[in-house]
Structure formats: structure tokens, C-alpha cells
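One structure below.
The values are calculated or read from the model by the stated rules, or taken from the named source; none is laboratory data. This one's a predicted model, so the numbers in the text were calculated from it and none came from an experiment. In this analysis, Cβ positions are derived from the backbone assuming ideal geometry, glycine residues included, and neighbour counts consider all displayed protein chains.
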Ligand code: F6R
């Protein structure tokens with residue numbers, strides 16, 4: 001959470017930093033701030049609210065835009081309410097140092113008390129202002145340069161951080177450091193300019209060369225000289241690896257859509273195809289995934305697979321449970337990473353842990369991975385963001401090829417995570433012999449059709465909009481599904497509540513009788529996934545139970561359905577496929593529905609209140 005964007009070089013820093021903040025706003029949008037150094041003075045502007053608000057304020061301060069060094073921040077508040085004073089950047093007491101920070105300094109209170117006893121006073125309630133003053137204090141007492149002061153100060157810090165620090169007395173350098181929160185450095189041609197950001201999106205149009213700092217590393221960035229990376233603990237030099245960025249500018253722009261979320265929903269046919277391309281080989285009748293092949297024994301001899309994840313990725317994990325148990329006959333447990341890490345789990349070296357994360361930075365998932373590794377488990381990661389912390393922390397893994405997901409509500413990440421899980425389950429099933437070869441081949445053929453079927457489904461957008469207009473004012477909604485579609489019901493409810501703020505709950509359809517049925521009356525819309533395979537008749541009975549209590553049914557049915565269409569108040573048809581593949585289809589109308597309801601209610605679809613895309617705090 002929180003986004004950092006900084007520039008040092010020969011161009012005007014302001015437009016680079018401010019545009020960078022706009023691209024990073026998915027990481028938090030409680031407040032925004034920017035510091036521009038004009039060669040003599042540091043100009044600070046910061047405010048509660050979004051980056052667009054900050055831009056408005058700076059319009060009337062033209063001097064605050066002039067300079068080739070700048071540092072900006074968009075905040076998801078942790079310590080201190082979101083107000084102007086608590087916004088970043090923060091100056092040190094002398095006014096010489098300025099710092100932006102993503103993360104939490106856990107021992108800030110102890111450090112603050114010590115600094116107060118040494119004569120420091122604080123304007124804000126933030127842990128960040130404590131950190132910048134700690135660096136200043138070390139610099140003064142040790143009589144050292146900024147880089148050394150940052151390194152020494154950070155050895156006293158407990159918590160998580162990505163920081164960028166600037167000293168106006170050393171105007172050709174920026175220092176950055178990371179522990180637990182991501183930071184990327186864009187390296188300009190001939191070291192004439194550098195970019196610093198929480199991910200590479202702010203500088204993708206300027207350079208394709210990026211250095212991603214590892215945990216416990218810091219970098220001294222000097223214009224004309226280059227980037228020196230050190231270990232924070234012992235100051236040892238590390239050879240930085242320059243990676244070539246694959247990301248392009250149009251991937252991170254809206255491309256004619258009103259919102260990123262809608263664009264990303266419509267990108268799903270391509271994202272799913274990109275995810276199985278090169279892995280699902282129809283002619284050879286195999287699934288090729290070297291990340292599984294190298295560790296096949298681990299999977300085949302595992303006592304069980306434990307899937308850890310949060311939020312939407314956890315829902316994908318639940319679909320994974322059905323897939324692995326059904327196709328590969330391997331027992332699976334699915335755990336919230338936040339619960340797993342703190343409940344003293346029993347893990348052995350016979351367990352395989354699969355961690356799922358779009359961002360690859362979720363703090364709880366990362367901690368669950370570290371715990372599982374320390375207990376001897378083999379850990380496999382499914383991530384979207386290349387080079388992310390989780391991708392690096394796991395023994396092996398597969399990327400989803402969804403491309404950057406910018407809308408805070410996850411859409412294409414979910415379907416591509418399910419795609420990877422399906423490929424793995426099929427591969428293990430074939431290797432174990434738990435899927436007869438002709439069934440395996442049938443799955444490959446049906447999987448191949450999914451992108452086209454998703455494309456077809458997207459054409460029902462107008463119908464979904466009509467349904468959305470009928471139910472947009474509901475105060476509560478239920479989502480029901482069984483088997484493979486139970487997790488889809490959970491995901492449908494999450495999508496609605498997070499962007500429209502309508503209370504929604506997902507349930508296994510049969511559980512309704514054990515409590516939620518009491519809620520049903522003529523004002524309660526109930527979205528039921530009732531595809532033709534699996535437990536169709538049972539779901540039909542559940543629908544009847546709802547109808548006899550006057551609930552409103554919006555059913556997701558298979559094309560050609562007769563029975564449910566007659567009972568339901570509204571229905572949406574999805575193309576026919578194997579039951580195990582239905583989540584890839586049934587999810588789509590539920591995503592569209594949430595999107596349209598939120599738009600009709602005038603909500604900020606891409607940046608829902610209180611949320612952030614990358615949850616790097618517990
Ligand atoms: C919901 C959503 C969140 C994330 C969760 C995990 O739309 O996006 O629930 O799924 O915060 O994030 P990742 O997948 O990045 O670990």
C-alpha cells in the first residue's frame with residue numbers, strides 16, 4: 001500500500017512524478033504529496049485526497065513545479081488519519097532531508113520518544129516523520145553522508161518499508177531501501193537520469209531497464225555515476241541485476257474504456273489465452289509446465305496440498321481445491337494466509353504449499369510462505385506480477401499472464417489464476433493417471449474454447465446492465481452456488497460489496513437453509529449459479545425454496561436451459577462446457593453486474609473507498 005514515485009535527472013521532474021503517482025494510485029488514495037527541488041529550495045505540496053486534488057492545488061503554485069528532482073507519494077493511511085499534515089513527503093527537523101515511505105515502522109514509538117528526548121519535535125502522527133528524523137540524527141551524530149546514515153538508521157528499525165530519501169545538500173543523489181515493500185529503479189541512458197517507483201509503471205515510457213531491490217537492500221543512486229546496491233545489515237556491496245521490462249504503455253492505460261475494471265473484464269479472453277499459450281499443447285496432448293515437471297515428485301508424493309492466499313486469490317484457491325481433488329485426486333486444504341501464519345499450523349516436508357497472489361506482494365501471503373518454507377514444505381507460487389516478492393520467495397511457480405491489473409477489484413487476475421490451477425490439476429491428473437487420457441484430451445479441447453466463449457459472454461453486457469438497473473438499490477444480496485461454483489458465488493459477492501458498498505454474502509446453495517433463508521423476502525435479490533452439470537437438480541430445489549419465500553432470483557444458467565429460466569425472475573446464459581471449467585464463464589456476468597451497479601450508483605469503480613490494490617501491511 002502507498003505508492004512512491006521519484007525522479008532525478010535532466011528532465012522536468014514534476015510531470016514525471018505526478019503522472020507516476022496517478023499510475024500508482026491503485027496502491028492507496030487517502031492523500032497525495034510531492035516535493036520538487038529547484039536546485040536551491042525544496043517545494044512541498046501535499047493534501048488529503050486524490051492526486052487530481054493535489055494537481056489542482058499545485059496549479060496556483062507554478063514555482064513548485066520547477067526542478068529536475070522530485071519525489072511524490074500517494075498514501076493508504078496506517079499511522080495517523082488521512083489529513084494534509086500526515087501526508088508524505090516528510091521533512092526532517094532541519095529541513096535538509098525529505099522522505100517518502102510505503103510500509104509500517106513497528107517500533108516508531110520507542111524511536112520517537114528517544115528522538116524527543118534529544119530535542120526533536122514532530123508535526124505529524126506518522127511513523128515516517130520519525131524515520132526521517134532518525135536518519136537525520138544518525139547523520140549528525142556519526143558525521144556521515146546520507147547513504148551511510150540511512151543504512152545505520154535502518155538497522156535500528158523494525159517493520160516494513162520501501163523508502164526514498166533526498167538530502168538537499170547532496171543534490172545529485174537519491175537513496176532508496178526496501179524491506180517487505182517493493183521498490184523499482186528505472187535506469188536512464190548513460191546514467192543521466194533515474195526513476196524510483198513502487199512498480200515500473202511510472203517510468204515505462206522512459207526506460208525499459210529496471211533494478212528491483214531485494215529485501216534488506218538499499219541503493220545509492222547518483223546521476224552520472226550509477227546505482228550502488230548495499231546490504232542494509234552489513235553494508236556489503238551487491239551486484240545489481242538490470243531487468244528488461246516487458247510492460248508497455250498501452251497495457252497500463254484505459255484504451256478507450258471508461259474504467260480500468262471494465263477494460264480488464266474485456267481483456268479476459270486474451271489474458272486466459274496468454275496464460276495457457278505455450279503450456280497447453282493440443283497436438284502433443286500434453287501440458288508443458290517446467291515449474292511442475294522439475295518438481296513432479298514433490299506434487300505426486302505430497303500428503304496434501306495447502307493453498308494459501310487472500311481475498312479474490314483465496315477464492316481462486318477454493319476453485320483450485322475442487323480442481324485438484326476432482327482431477328488429480330490429491331487432498332487439498334485452502335487457508336486464509338492471515339490465519340495460517342498465526343495458528344501454529346502442522347506442516348511437514350511432505351506438504352506442498354501453493355501461494356496465490358496477483359500482486360505478489362501481499363504481506364500475509366508472503367509471511368505464510370516464509371513460515372511454510374521454514375517448516376520444510378515445498379512452496380509453489382502463482383503470481384501475476386513478474387519479479388514480485390512472492391515470485392522470488394517461492395521454490396518454483398507459474399506466472400499468470402494477465403498483464404497489469406490496475407482496477408482495485410480483481411477480475412482478470414481471478415480467471416487467469418483459475419486457468420493456471422486448471423492446467424496444474426490436469427497435468428498432475430495425467431501424470432497420476434487419475435484422469436483417463438480421453439477425458440484429459442476432452443478437457444484440453446474444452447479449455448481451448450474458453451476464450452471464445454468468454455468473448456461471446458461479454459456481448460450480453462446490455463442485458464446485464466438492464467438487470468443491474470433493477471437491483472442497484474438493493475441493500476443486501478445473496479450469492480449462491482454449489483461445487484465448483486460455490487467459490488464463484490463468494491467472488492460475486494465480494495465484487496459487489498467492494499465496489500458498490502452493497503452488503504452481499506456468498507454461500508454454498510444448500511447452506512441457505514441453515515440460516516440465511518431467514519433474510520429472504522421480496523426485497524432480497526439472490527444470484528444463483530445453476531449451470532447444467534454437477535448439482536443442477538439440487539440447485540433447482542434451492543431456487544424453489546427461495547421462490548416460495550418471495551425472493552428475487554437472478555440465475556446464471558447454461559445455454560438452452562428450460563427449467564430454471566421458467567422459475568427465475570431474470571436469467572443470464574453462459575455457454576456449455578465441462579463442469580470443472582464453468583467458473584471461468586460464470587464469473588464473467590457477475591463481474592459485469594457489479595461493475596454496472598457501481599457505475600449506476602456513482603461509485604469510484606477503480607478506486608473503491610478504503611481499499612488498495614497491493615496489501616503490504618498485515
Ligand atoms: C478483491 C481483491 C483483493 C485481493 C487480495 C489479495 O477484488 O483484489 O481481495 O484479491 O487483496 O491480493 P493479491 O492477489 O495481490 O495477493
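It is to be established whether one or more residues within segment 57-70 are buried (at least 16 other Cβ atoms within 10 Å of the Cβ), assigned to a strand (DSSP E or B) and within 35 Å of the chain's Cα centre (by Cα). Yes, there is a match, as at least one residue in segment 57-70 is buried (at least 16 other Cβ atoms within 10 Å of the Cβ), assigned to a strand (DSSP E or B) and within 35 Å of the chain's Cα centre (by Cα). Among the residues of segment 65-85, those identified as over 16 Å from residue 22 (Cα atoms) and modelled with pLDDT of 90 or more are 65, 66, 67, 68, 69.
Scanning segment 605-618 finds one or more residues that are in a loop (DSSP other than H, G, I, E, B), within 16 Å of the ligand (Cβ to nearest atom) and without any contact (Cβ under 8 Å) to a residue 24 or more places away in the chain.
On the given criteria, is residue 586 under 20 Å from residue 491 (Cβ atoms) and touching a strand residue (DSSP E or B) at 6+ places or on another chain (Cβ under 6 Å)? Criteria met by residue 586.
Matching residues to (1) out of contact with any helix residue (DSSP H, G or I) (no Cβ under 7 Å at 6 or more places or on another chain); (2) within 30 Å of residue 370 (Cβ to Cβ); (3) part of a helix (DSSP H, G or I):
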position	(1), (2), (3)
170	no, no, no
196	yes, yes, no
210	yes, yes, no
218	no, yes, no
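Every listed requirement among (1) free of Cβ contacts under 8 Å to residues at least 40 places away in the same chain; (2) touching a strand residue (DSSP E or B) at 6+ places or on another chain (Cβ under 7 Å); (3) more than 24 Å from residue 452 (Cβ to Cβ) is met by residue 293 save one, (2). The set of residues in segment 372-392 being at pLDDT 95 or above and more than 13 Å from the chain's Cα centre (by Cα) consists of 372, 373, 374, 375, 376, 377, 378, 379, 380, 381.
Test each condition in (1) under 27 Å from the mean Cα position of the chain (by Cα); (2) free of Cβ contacts under 8 Å to residues at least 60 places away in the same chain for residue 75 and report the one that comes out false. All conditions pass for residue 75, except number (2). The condition (being farther than 30 Å from residue 30 by Cβ and either within 16 Å of the ligand (Cβ to nearest atom) or surrounded by 20 or more Cβ atoms within 10 Å (Cβ to Cβ) (or both)) is satisfied by just one residue among 515, 560, 551: 551. Restricting segment 285-296 to residues that are surrounded by 15 or more Cβ atoms within 10 Å (Cβ to Cβ) and assigned to a helix (DSSP H, G or I) leaves a set whose member that is farthest from the ligand (Cβ to nearest atom) is 292. Scanning segment 567-596 for residues that are in a helix (DSSP H, G or I) and more than 18 Å from residue 480 (Cβ to Cβ) yields a count of 6.
When each of 175, 232, 221, 185 is tested for being under 29 Å from the mean Cα position of the chain (by Cα), crowded, with 22+ Cβ neighbours inside 10 Å and touching a residue at least 60 places away in the same chain (Cβ under 8 Å), the lone residue that passes is 221. Residues of segment 87-102 that are surrounded by 24 or more Cβ atoms within 10 Å (Cβ to Cβ) and assigned to a loop (DSSP other than H, G, I, E, B): 87, 88, 89.
When each of 428, 423, 449 is tested for being touching a strand residue (DSSP E or B) at 6+ places or on another chain (Cβ under 7 Å) and part of a helix (DSSP H, G or I), the lone residue that passes is 423. In segment 534-548, the qualifying residues are those that are without any contact (Cβ under 8 Å) to a residue 24 or more places away in the chain and over 36 Å from the mean Cα position of the chain (by Cα), and the one that is surrounded by the most Cβ atoms within 10 Å (Cβ to Cβ) is 547. Listed by first and then second residue, the pairs with beta-carbon distance under 9 Å, at least 6 apart or on different chains, first residue in segment 482-502 and closer than 16 Å to residue 530 by Cα, second within 15 Å of the ligand (Cβ to nearest atom) and assigned to a loop (DSSP other than H, G, I, E, B), are 491/410. Taking only pairs six or more apart or across chains, which ones have beta-carbon atoms under 6 Å, a first residue in segment 91-117 that is over 24 Å from residue 3 (Cα atoms), and a second residue that is not in a helix (DSSP H, G or I)? Every condition considered, no pair remains. Just wondering, is there one or more residues in segment 250-263 that are surrounded by 14 or more Cβ atoms within 10 Å (Cβ to Cβ), part of a loop (DSSP other than H, G, I, E, B) and touching a strand residue (DSSP E or B) at 6+ places or on another chain (Cβ under 9 Å)? No - not one qualifying residue is present in segment 250-263.
Summed over segment 26-56, the residues that are under 28 Å from the mean Cα position of the chain (by Cα), surrounded by fewer than 22 Cβ atoms within 10 Å (Cβ to Cβ) and assigned to a helix (DSSP H, G or I) give a count of 3.
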